[in-house]
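Q: Before I ask anything, let me first share the structure, which is written out below as C-alpha cells.
The values are calculated or read from the model by the stated rules, or taken from the named source; none is laboratory data. Everything quoted here is computed from the prediction, not taken from an experiment. Ideal geometry is used to build each Cβ from the backbone, glycine not excepted, and the neighbour counts take in all protein chains shown.
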There are 2 protein chains.
Amino acid sequence: MSCENRFTSELHRRGLRLTPQRERILSVLHGMRSPVTAEEIHRRVAESGPGVELSTVYRTLDLLQTFGLISVIDRGDRHYRYKHVGTERPHFHLACRICGKVIGIDLAEAADFASRIESSKGFRPDIAQVTFPGTCRGCR
Amino acid sequence: MSCENRFTSELHRRGLRLTPQRERILSVLHGMRSPVTAEEIHRRVAESGPGVELSTVYRTLDLLQTFGLISVIDRGDRHYRYKHVGTERPHFHLACRICGKVIGIDLAEAADFASRIESSKGFRPDIAQVTFPGTCRGCR
DNA sequence: GTTATTGCAAATTATTTGCACTTGG
DNA sequence: CCAAGTGCAAATAATTTGCAATAAC
C-alpha cells in the first residue's frame with residue numbers, strides 16, 4: 001500500500017480527517033531524500049501554494065510519528081529532523097558530524113549487538129530509534 | 001588525579017579561574033548517581049547556600065564538557081542531562097523510557113558492532129556519545 | 001450538522017547573550 | 001591591577017497550546 005493510502009486509512013480508522021494541509025506535508029516528506037526539520041517542511045510547503053502554519057506542521061508530524069510513517073532523527077543539536085519511512089525495512093541511522101550526511105542501516109546489522117545487551121544487562125535497546133554520531137569516510 | 005584537581009589544572013592551563021560557583025557545580029555533579037539537567041543542578045546548588053545563576057550553570061557545563069569531565073545524555077525529550085565522568089572508563093548509556101533509569105555500559109561491549117559498521121559502511125560511529133532508549137528488565 | 005482541524009497569537013521551555021559590576025590570581 | 005567571571009535581565013529558538021472560525025465527512 002502506498003504511504004498516502006496508509007495515511008488515509010490510519011486517519012479514518014481513528015475518525016480523523018484527511019486535509020489538504022496534511023496531504024501537502026506528507027508529500028514534502030515523501031519527496032525529501034534527507035531528513036528535514038519542521039521549519040524546512042514549513043518552507044517547502046509554502047513553495048507550492050498558500051502557506052501552512054508551522055503549528056499545523058508540528059501537529060501533523062505528531063500524527064505521522066504515531067502512525068509510524070516517519071522516524072525522528074536527533075543529531076544532538078536540538079533540531080529534530082523527520083524522515084519518511086513508509087514501507088522501508090526497519091533501520092537506524094548514522095549521521096556524520098562534519099558534513100551532516102545521514103545513512104540508513106538495516107536493523108539486522110545491529111541484531112547481535114542488541115541481543116548481547118539484552119542478555120547481559122536485561123535491557124532491550126530500541127536501536128531503530130537511534131542515530132549514531134560519527135564521521136563518514138569522506139570526512140576523514 | 002581527582003576530578004577536582006583535574007578541573008583546576010585544566011582551568012589554569014587555559015588561563016581560566018577557579019571560582020566558588022564552579023567548585024559547587026562540579027561538586028553537585030560529583031555527588032549525583034544519575035544524570036541531571038541543568039535545572040536540577042541549579043536547584044541542588046541553591047540548597048547548599050546562596051544560589052548560583054542558571055546561566056552560570058550552563059557556562060560551567062560547557063567548560064566541563066570541553067575538559068571531558070562530564071558526558072551529555074540525550075533521552076530525546078529535549079532535556080539534556082549531564083553526568084560526571086571523571087576517571088571512569090569510556091562508556092555509553094542505556095536509558096529506560098519507562099522509569100528513566102540510566103545504565104552505563106563499558107564501550108568494549110560495543111566494539112564488535114562499531115568495527116562492523118566501520119568496515120562495511122566506512123562510517124566510524126562515536127558510540128560513547130550515544131544513549132540507547134529502550135526498556136529495562138524491571139519495566140517489562 | 002457535527003466534530004475535527006486550522007490559523008493565529010500568545011505561552012512555554014530550554015538555553016544563550018550583552019553588559020556593568022565583581023573578583024581571582 | 002585587570003582580564004575572567006558572575007548576576008541579572010533581555011533575547012533566542014523550537015515547540016506547544018487556547019480558542020474562535022472553518023471545513024471534512
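Q: Of all residues in the range A:14-34, which are within 12 Å of DNA strand D (Cβ to nearest atom), on the phi < 0 side of the Ramachandran plot and either assigned to a helix (DSSP H, G or I) or not hydrophobic (A, V, I, L, M, F, W, C) (or both)? Show your work before the answer.
A: Quick first cut of the range A:14-34, residues within 12 Å of DNA strand D (Cβ to nearest atom) only: A:14-24.
Filter again for on the phi < 0 side of the Ramachandran plot, leaving A:14, A:16-24.
Within the range A:14-34, A:ARG14, A:ARG17, A:THR19, A:PRO20, A:GLN21, A:ARG22, A:GLU23, A:ARG24 qualify.
Q: For B:ARG137, indicate whether it is more than 21 Å from B:LEU11 (Cα to Cα), away from DNA strand C (no atom under 16 Å from the Cβ) and surrounded by 14 or more Cβ atoms within 10 Å (Cβ to Cβ).
A: Numbers: more than 21 Å from B:LEU11 (Cα to Cα): yes; away from DNA strand C (no atom under 16 Å from the Cβ): yes; surrounded by 14 or more Cβ atoms within 10 Å (Cβ to Cβ): no.
Against the criterion (more than 21 Å from B:LEU11 (Cα to Cα), away from DNA strand C (no atom under 16 Å from the Cβ) and surrounded by 14 or more Cβ atoms within 10 Å (Cβ to Cβ)), B:ARG137 does not qualify.
Q: Looking at (1) within 11 Å of chain A (Cβ to nearest Cβ); (2) within 15 Å of DNA strand C (Cβ to nearest atom), find the lone condition where B:ASP112 falls short.
A: Failed condition: (2).
Q: Could you tell me which numbered condition B:HIS79 fails, if it satisfies all but one of (1) free of Cβ contacts under 8 Å to residues at least 12 places away in the same chain; (2) within 9 Å of DNA strand C (Cβ to nearest atom)?
A: Condition not satisfied by B:HIS79: (1).
Q: Sticking with this one: Quick check on the range B:46-61. Is at least one of its residues within 14 Å of another protein chain (Cβ to nearest Cβ), within 30 Å of A:VAL102 (Cα to Cα) and in contact with a Lys or Arg (Cβ under 9 Å, 6 or more places away or on another chain)? I'd like the intermediate steps shown before the answer.
A: Restricting attention to the range B:46-61, the residues satisfying the condition of being within 14 Å of another protein chain (Cβ to nearest Cβ) are B:58.
From the residues that got through so far, the ones that are within 30 Å of A:VAL102 (Cα to Cα) too are B:58.
From what's left, in contact with a Lys or Arg (Cβ under 9 Å, 6 or more places away or on another chain): none.
No, the conditions are met nowhere in the range B:46-61.
Q: When the residues of the range B:28-38 are filtered to those that are at pLDDT 90 or above, within 13 Å of DNA strand C (Cβ to nearest atom) and surrounded by 17 or more Cβ atoms within 10 Å (Cβ to Cβ), which remaining residue is farthest from B:GLY104 (Cα to Cα)?
A: Ranking the candidates gives B:ALA38 first.
Q: Now for a separate question. In the set B:ILE41, B:ILE25, B:ILE73, B:ILE117, which member is crowded, with 20+ Cβ neighbours inside 10 Å and without any contact (Cβ under 8 Å) to a residue 12 or more places away in the chain?
A: Working: B:ILE41 fails: without any contact (Cβ under 8 Å) to a residue 12 or more places away in the chain; B:ILE25 fails: without any contact (Cβ under 8 Å) to a residue 12 or more places away in the chain; B:ILE73 fails: without any contact (Cβ under 8 Å) to a residue 12 or more places away in the chain.
Only one candidate passes the filter, namely B:ILE117.
Q: So, one more: Yes or no: the range B:17-34 includes at least one residue that is under 23 Å from A:PRO133 (Cβ atoms) and under 11 Å from the mean Cα position of the chain (by Cα).
A: Taking the range B:17-34 as the starting set, the residues that turn out to be under 23 Å from A:PRO133 (Cβ atoms) are B:29, B:34.
Going one step further and asking which of them are under 11 Å from the mean Cα position of the chain (by Cα), we end up with B:29, B:34.
Yes, because at least one residue in the range B:17-34 is under 23 Å from A:PRO133 (Cβ atoms) and under 11 Å from the mean Cα position of the chain (by Cα).
Q: Within the range B:44-70, restricting attention to residues that are within 12 Å of DNA strand C (Cβ to nearest atom) and of a type in the set (S, T, N, Q), which residue is surrounded by the most Cβ atoms within 10 Å (Cβ to Cβ)?
A: B:THR60
Q: Also, quick follow-up: Could you say which residue among A:ILE127, A:ILE103 is in contact (Cβ under 8 Å) with a residue 24 or more places away in the chain, over 16 Å from A:ARG33 (Cβ atoms) and either facing chain B (nearest Cβ under 10 Å) or touching a Pro at 6+ places or on another chain (Cβ under 9 Å) (or both)?
A: Among A:ILE127, A:ILE103, only A:ILE127 is in contact (Cβ under 8 Å) with a residue 24 or more places away in the chain, over 16 Å from A:ARG33 (Cβ atoms) and either facing chain B (nearest Cβ under 10 Å) or touching a Pro at 6+ places or on another chain (Cβ under 9 Å) (or both).
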